[in-house]
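In what follows, a structure is listed as structure tokens, so that the remarks can point back to it.
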2 protein chains.
Amino acid sequence: MPLPRQVFIAVIGAGGVGKCFLSQLQHLASNLSRSPAAPTYLSLIWLSTSKKAIYYADYKSLNNWEAELQASNTPPLPPQQLAEYLVKAPGKVVLVDNTSNQDVAESYPLFLKKGISIVTPNKKAFSSSYQLWTDIFSAASNGAGAGGYVFHESSVGAGLPVISTLKELVETGDQVTKIEGVFSGTMSFLFNSFQPTSGGGGKFSAEVKTAKDKGFTEPDPRDDLNGLDVARKLTILARLAGLKVESPTSFPVQSLIPKELESCSSGDEFLARLPEFDGQMDELKAAAEKEGKVVRFVGSVDVPAGAVKVGLEKFDKSHPIAALKGSDNIIAFYTKRYGDNPLIIQGAGAGGDVTAMGVTGDLIKVLRLLH
Amino acid sequence: MPLPRQVFIAVIGAGGVGKCFLSQLQHLASNLSRSPAAPTYLSLIWLSTSKKAIYYADYKSLNNWEAELQASNTPPLPPQQLAEYLVKAPGKVVLVDNTSNQDVAESYPLFLKKGISIVTPNKKAFSSSYQLWTDIFSAASNGAGAGGYVFHESSVGAGLPVISTLKELVETGDQVTKIEGVFSGTMSFLFNSFQPTSGGGGKFSAEVKTAKDKGFTEPDPRDDLNGLDVARKLTILARLAGLKVESPTSFPVQSLIPKELESCSSGDEFLARLPEFDGQMDELKAAAEKEGKVVRFVGSVDVPAGAVKVGLEKFDKSHPIAALKGSDNIIAFYTKRYGDNPLIIQGAGAGGDVTAMGVTGDLIKVLRLLH
């Protein structure tokens, strides 16, 4: 590939995904610098967490970021100033946002307009107001603008090729009729354990506790059970399929938090009281079982009807959604070309390494475009 | 996307895939010409079948290709002369090879060296001798060369994102340990009908006849049953995963053609005599059933062991490969990052429209790279 000789990389976020990305970046940089056809040098010039940042006025590479970050007392620059710093770098810049921060997301148009490209797993940028979506893609070169490029494969299904596949279906002129799937690793694990296709399964509250102990939930499990994470992913897919979805709260989203527990003051209090509602969940399970089905937490987009929804549905035990394992995601695209049998993508949809892989893959795409 | 203003398209092949591609090309050309950011004009300047061609000395667009092709008496140019014609076009050229022709495949290095990009579903180019593979990628810009770009998504799994996904796994530094799947729509249909997971199923010879009647086989079904088509696809995937596979006959490939019927003078004679061997196939079926399994025709690449093989294997009825429907393909990537649960891609892996979709998707990729 004719790649540019030097590209500057700025990274926001050094948590689970951020650390995995930085490790993949090192591998990629080493490979690209040894490319026989057109060596490219990637230079990390900015790294920040919510508390501190490391960077140099002369854009020197951060070759020892782990120690430098630990030693740093410099607070991160606010977005406007960061953009001003990056735009003066002596070459093209890609900003990698590995946070789920709303403020950073809202500053994307600012960066893009200055010609800075963005790759990110941050769902908030693409699933908040429709105005922000429009602002981003009217600025980006892979939208209607002339600024930087923006890619966000990992905002749905982590490294699974979900967004690139949907884009290709649309761009090549297929008609997507329905998108359906399990979009949350947490929800996948919960329901695969609560009602396995082989029968059995534990009490719902016990499965939530197990999921939390295994690190599959947010610190407060209500942040998974309210359905908002899935709603955000459906918002992104629906918009890519051409629907003007105003926000992730503008369509029906079923919360699995009992009304009575919404006001619990802590996740621990919530977990302690959740068993009171196991009877309700067992009823749902029994009703599904009676029809030879299982209950799963899914999201779907009915494109011709313009309808998006998120919540519990019953599936035949032989259905691919019912047969899912562990905490895997599954996404089925029903289209005119694919007919009755959808195009299906399945696999881990969460985790630092696979999420970072989607980000690194996007970075490679941007590097190819930045001749 | 900053796209080029005008790109010239040359198409070889106007059969099943070719006709679908030309229809998708029209849709794409119309969309790109109306792009607000950077309109691009695609101009079809060459169309040929094995018998005739249409093109103009002044590179005029073929706006009415169906009628023009029918009226043409011009034989197609041989590859060398075609390359000389195309390289003088007043702009970048993409050659779309919608054939499965070996001679055309062997001329790819010639076109690429002249800066002509290639998109194609033609398996032969990437699954014949390792020397041809090397010649192609040492000439291409998305290899080690400086010539045109080459993309071939539809050479495995038609429009399913199989090749792009494997490339991304490798490029982002994941370790692919195993690739396994059902890579032939014909074989998928045959075994899903011969031994459904729900029990029952017909005699093998009867299912082959049904598949032929439905148009799911080559005119002579032996061209599917010999396993070579699947072996070619496995050769491509193994090479992309880093193995130097010499040819599709350099690893074990199980043929489903009984030795005694290899010499039948016609497909019809073969079909007439195939029932003599139903007993053998029923034995395989019964043996699998005894273990609670089903028989499927699969291909696999064991990357660390450098081993590729194609043939019959037994799978638990709950295995995704066993549960496949209709004539769908399924491809599972086992990698270090994805752990025990592989990344799975599933859906129609044959058919004019979905194969053409992979080609059109590749064309869009090339257009983005041809600034």
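Select from segment B:28-69 the residues that are within 14 Å of chain A (Cβ to nearest Cβ) and not hydroxyl-bearing (Ser, Thr, Tyr) and list them in ascending order.
Selection gives B:Leu28, B:Ala29, B:Asn31, B:Leu32, B:Arg34, B:Pro36, B:Ala37, B:Ala38, B:Pro39, B:Leu42.
Output the number of residues of segment A:350-359 satisfying the condition of being open to solvent by less than 10 Å² (accessible area, probe 1.4 Å) and either at the interface with another protein chain (Cβ under 7 Å from one of its Cβ atoms) or outside any helix (DSSP H, G or I) (or both). Break it down into steps so the answer makes sense when it comes.
Within segment A:350-359, the subset open to solvent by less than 10 Å² (accessible area, probe 1.4 Å) is A:354, A:356-359.
Remaining after also requiring either at the interface with another protein chain (Cβ under 7 Å from one of its Cβ atoms) or outside any helix (DSSP H, G or I) (or both): A:354, A:357.
The qualifying residues number 2.
Among the listed residues B:Val150, B:Val162, B:Val156, B:Val104, which satisfies the condition of being farther than 24 Å from B:Gly227 by Cα and in contact (Cβ under 8 Å) with a residue 12 or more places away in the chain?
Details: B:Val162 fails: farther than 24 Å from B:Gly227 by Cα; B:Val156 fails: farther than 24 Å from B:Gly227 by Cα; B:Val104 fails: farther than 24 Å from B:Gly227 by Cα.
Testing whether each residue is farther than 24 Å from B:Gly227 by Cα and in contact (Cβ under 8 Å) with a residue 12 or more places away in the chain leaves just B:Val150.
Among the numbered conditions (1) within 13 Å of another protein chain (Cβ to nearest Cβ); (2) open to solvent by less than 30 Å² (accessible area, probe 1.4 Å), tell me where A:Val298 comes up short.
Single failed check for A:Val298: (1).
Results for (1) open to solvent by less than 20 Å² (accessible area, probe 1.4 Å); (2) of a type in the set (Gly, Ala, Ser); (3) touching an Asp or Glu at 6+ places or on another chain (Cβ under 9 Å), shown as yes or no for each residue.
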residue	(1), (2), (3)
A:Thr217	no, no, yes
A:Ala231	yes, yes, no
A:Leu243	no, no, no
A:Ser250	no, yes, no
A:Glu262	no, no, no
A:Glu269	no, no, no
A:Pro275	no, no, no
A:Lys293	no, no, yes
A:Ala305	no, yes, no
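The rows are residues; the columns are (1) under 21 Å from the mean Cα position of the chain (by Cα); (2) charged (D, E, K, R); (3) in a strand (DSSP E or B).
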residue	(1), (2), (3)
A:Leu274	no, no, no
A:Leu284	no, no, no
A:Glu289	no, yes, no
A:Val294	no, no, yes
A:Val310	yes, no, yes
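So is B:Lys325 at the interface with chain A (Cβ under 8 Å from one of its Cβ atoms), touching a residue at least 60 places away in the same chain (Cβ under 8 Å), surrounded by fewer than 24 Cβ atoms within 10 Å (Cβ to Cβ) and in contact with a helix residue (DSSP H, G or I) (Cβ under 9 Å, 6 or more places away or on another chain) or not?
Working: at the interface with chain A (Cβ under 8 Å from one of its Cβ atoms): yes; touching a residue at least 60 places away in the same chain (Cβ under 8 Å): yes; surrounded by fewer than 24 Cβ atoms within 10 Å (Cβ to Cβ): yes; in contact with a helix residue (DSSP H, G or I) (Cβ under 9 Å, 6 or more places away or on another chain): yes.
Considered against the rule, which asks whether it is at the interface with chain A (Cβ under 8 Å from one of its Cβ atoms), touching a residue at least 60 places away in the same chain (Cβ under 8 Å), surrounded by fewer than 24 Cβ atoms within 10 Å (Cβ to Cβ) and in contact with a helix residue (DSSP H, G or I) (Cβ under 9 Å, 6 or more places away or on another chain), B:Lys325 comes out as yes.
Mind checking whether some residue in segment B:225-232 is assigned to a loop (DSSP other than H, G, I, E, B), within 12 Å of another protein chain (Cβ to nearest Cβ) and within 21 Å of B:Glu313 (Cβ to Cβ)?
Step one: list which residues in segment B:225-232 are assigned to a loop (DSSP other than H, G, I, E, B), which gives B:226-227.
From what is left, the residues that are within 12 Å of another protein chain (Cβ to nearest Cβ) are none.
Among the residues of segment B:225-232, not one is assigned to a loop (DSSP other than H, G, I, E, B), within 12 Å of another protein chain (Cβ to nearest Cβ) and within 21 Å of B:Glu313 (Cβ to Cβ), which makes the answer no.
For segment A:164-184, which residues satisfy the criterion of being within 11 Å of another protein chain (Cβ to nearest Cβ) and within 27 Å of A:Leu256 (Cβ to Cβ)?
A:Leu166
Hand me the list of helices (runs of 4 or more DSSP H) wholly inside segment A:1-108 holding 1 or more residues that are at pLDDT 95 or above, under 27 Å from A:Phe126 (Cα atoms) and more than 23 Å from the chain's Cα centre (by Cα). Steps first, answer last, please.
On the way: elements: A:16-33, A:65-71, A:79-87, A:102-106.
Counting at least 1 such residues, we get A:79-87.
From the set of residues in segment A:332-347 that are at the interface with another protein chain (Cβ under 7 Å from one of its Cβ atoms) and at pLDDT 95 or above, which is surrounded by the most Cβ atoms within 10 Å (Cβ to Cβ)?
So the residue we want is A:Gln346.
Given (1) assigned to a loop (DSSP other than H, G, I, E, B); (2) modelled with pLDDT of 95 or more; (3) of a type in the set (Asp, Glu), where does B:Glu269 come up short, assuming only one miss?
In the conditions (1) assigned to a loop (DSSP other than H, G, I, E, B); (2) modelled with pLDDT of 95 or more; (3) of a type in the set (Asp, Glu), B:Glu269 misses (1) alone.
Could you check segment A:135-164 and list, in sequence order, the residues that are within 23 Å of B:Ala38 (Cα to Cα), open to solvent by 10 Å² or more (accessible area, probe 1.4 Å) and within 16 Å of the chain's Cα centre (by Cα)?
Once the filter is applied, which keeps residues that are within 23 Å of B:Ala38 (Cα to Cα), open to solvent by 10 Å² or more (accessible area, probe 1.4 Å) and within 16 Å of the chain's Cα centre (by Cα), segment A:135-164 yields A:Phe151, A:Ser164.
Matching residues to (1) more than 27 Å from A:Tyr338 (Cβ to Cβ); (2) at pLDDT 95 or above; (3) assigned to a loop (DSSP other than H, G, I, E, B); (4) within 14 Å of chain B (Cβ to nearest Cβ):
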| residue | (1), (2), (3), (4) |
| --- | --- |
| A:Trp133 | no, yes, no, no |
| A:Gly143 | no, no, yes, yes |
| A:Gly148 | yes, yes, yes, yes |
| A:Ala158 | no, yes, yes, yes |
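For segment A:115-124, does any single residue satisfy the condition of being assigned to a strand (DSSP E or B), over 24 Å from the mean Cα position of the chain (by Cα) and on the phi < 0 side of the Ramachandran plot?
no
Across segment B:202-224, what is the number of residues that are over 18 Å from B:Glu283 (Cβ atoms) and part of a helix (DSSP H, G or I)?
First pass over segment B:202-224, keeping only residues over 18 Å from B:Glu283 (Cβ atoms): B:209-224.
If we keep only those that are part of a helix (DSSP H, G or I) too, we end up with B:209-213, B:222-224.
Adding up the residues that qualify gives 8.
What single numbered condition from (1) of a type outside the set (D, E, K, R); (2) closer than 24 Å to A:Glu313 by Cβ; (3) part of a loop (DSSP other than H, G, I, E, B); (4) open to solvent by less than 40 Å² (accessible area, probe 1.4 Å) fails to hold for A:Ser255?
(4)
Starting from segment A:109-132, take each residue that is open to solvent by 50 Å² or more (accessible area, probe 1.4 Å) and list its partners that are of a type in the set (Val, Ile, Thr), counting only C-beta distances under 6 angstrom and pairs at least six apart or across chains.
Close Cβ pairs satisfying both conditions: A:Lys114/A:Val87.
With the condition kept exactly as written, say whether any residue in segment B:59-67 is under 20 Å from A:Asp174 (Cα atoms), in the same structural domain as B:Gln81 (by the TED database), in contact with a strand residue (DSSP E or B) (Cβ under 7 Å, 6 or more places away or on another chain) and surrounded by fewer than 19 Cβ atoms within 10 Å (Cβ to Cβ).
At the first step, the residues of segment B:59-67 found to be under 20 Å from A:Asp174 (Cα atoms) are none.
Among the residues of segment B:59-67, not one is under 20 Å from A:Asp174 (Cα atoms), in the same structural domain as B:Gln81 (by the TED database), in contact with a strand residue (DSSP E or B) (Cβ under 7 Å, 6 or more places away or on another chain) and surrounded by fewer than 19 Cβ atoms within 10 Å (Cβ to Cβ), which makes the answer no.
Is it the case, given these coordinates, that A:Ala125 is in contact with a helix residue (DSSP H, G or I) (Cβ under 7 Å, 6 or more places away or on another chain), modelled with pLDDT under 95 and not basic (Lys, Arg)?
Working: in contact with a helix residue (DSSP H, G or I) (Cβ under 7 Å, 6 or more places away or on another chain): yes; modelled with pLDDT under 95: no; not basic (Lys, Arg): yes.
No: the conditions fail for A:Ala125.
Which residues, counting only those in segment A:340-365, are among the hydroxyl-bearing types (Ser, Thr, Tyr) and more than 16 Å from A:Lys233 (Cα to Cα)? Steps first, answer last, please.
Of all residues in segment A:340-365, those among the hydroxyl-bearing types (Ser, Thr, Tyr) come to A:355, A:360.
Answer for segment A:340-365, where residues must be among the hydroxyl-bearing types (Ser, Thr, Tyr) and more than 16 Å from A:Lys233 (Cα to Cα): just A:Thr360.
Filter segment B:219-229 down to residues that are open to solvent by 30 Å² or more (accessible area, probe 1.4 Å) and either touching a residue at least 60 places away in the same chain (Cβ under 8 Å) or in contact with a Pro (Cβ under 8 Å, 6 or more places away or on another chain) (or both), then give me how many there are. Step through it out loud before you land on a result.
Step one: filter segment B:219-229 for residues open to solvent by 30 Å² or more (accessible area, probe 1.4 Å), giving B:219-220, B:223, B:226, B:228-229.
Right, trim to either touching a residue at least 60 places away in the same chain (Cβ under 8 Å) or in contact with a Pro (Cβ under 8 Å, 6 or more places away or on another chain) (or both) and you get B:228-229.
Count: 2.
For segment B:312-322, how many residues meet the condition of being within 14 Å of another protein chain (Cβ to nearest Cβ), touching a residue at least 24 places away in the same chain (Cβ under 8 Å) and part of a strand (DSSP E or B)?
1
Identify, by number, the condition in (1) facing chain B (nearest Cβ under 10 Å); (2) open to solvent by 30 Å² or more (accessible area, probe 1.4 Å); (3) under 28 Å from B:Glu171 (Cα atoms) that A:Asp362 doesn't meet.
(2)
Give segment A:311-320 a look and list any residue that's of a type outside the set (S, T, N, Q) and farther than 19 Å from A:Leu225 by Cα, or say none. Talk me through it step by step, then tell me what you get.
Of the residues in segment A:311-320, the ones of a type outside the set (S, T, N, Q) are A:311-317, A:319-320.
The answer is A:Phe315, A:Asp316, A:Lys317, A:His319, A:Pro320.
Return yes when B:Pro75 is open to solvent by 80 Å² or more (accessible area, probe 1.4 Å), in contact (Cβ under 8 Å) with a residue 24 or more places away in the chain and closer than 13 Å to B:Thr49 by Cα and no when it is not. I'd like the intermediate steps shown before the answer.
On the way: open to solvent by 80 Å² or more (accessible area, probe 1.4 Å): yes; in contact (Cβ under 8 Å) with a residue 24 or more places away in the chain: yes; closer than 13 Å to B:Thr49 by Cα: yes.
Judged against the criteria, B:Pro75 is a match.
The values are calculated or read from the model by the stated rules, or taken from the named source; none is laboratory data. If you're wondering where the values come from, they're calculated on a predicted model, not measured in any experiment. Ideal geometry is used to build each Cβ from the backbone, glycine not excepted, and the neighbour counts take in all protein chains shown. All accessible areas refer to the heavy atoms of the entire protein, side chains included, with ligands and DNA or RNA removed. Shrake-Rupley method; radii C 1.70, N 1.55, O 1.52, S 1.80 Å.
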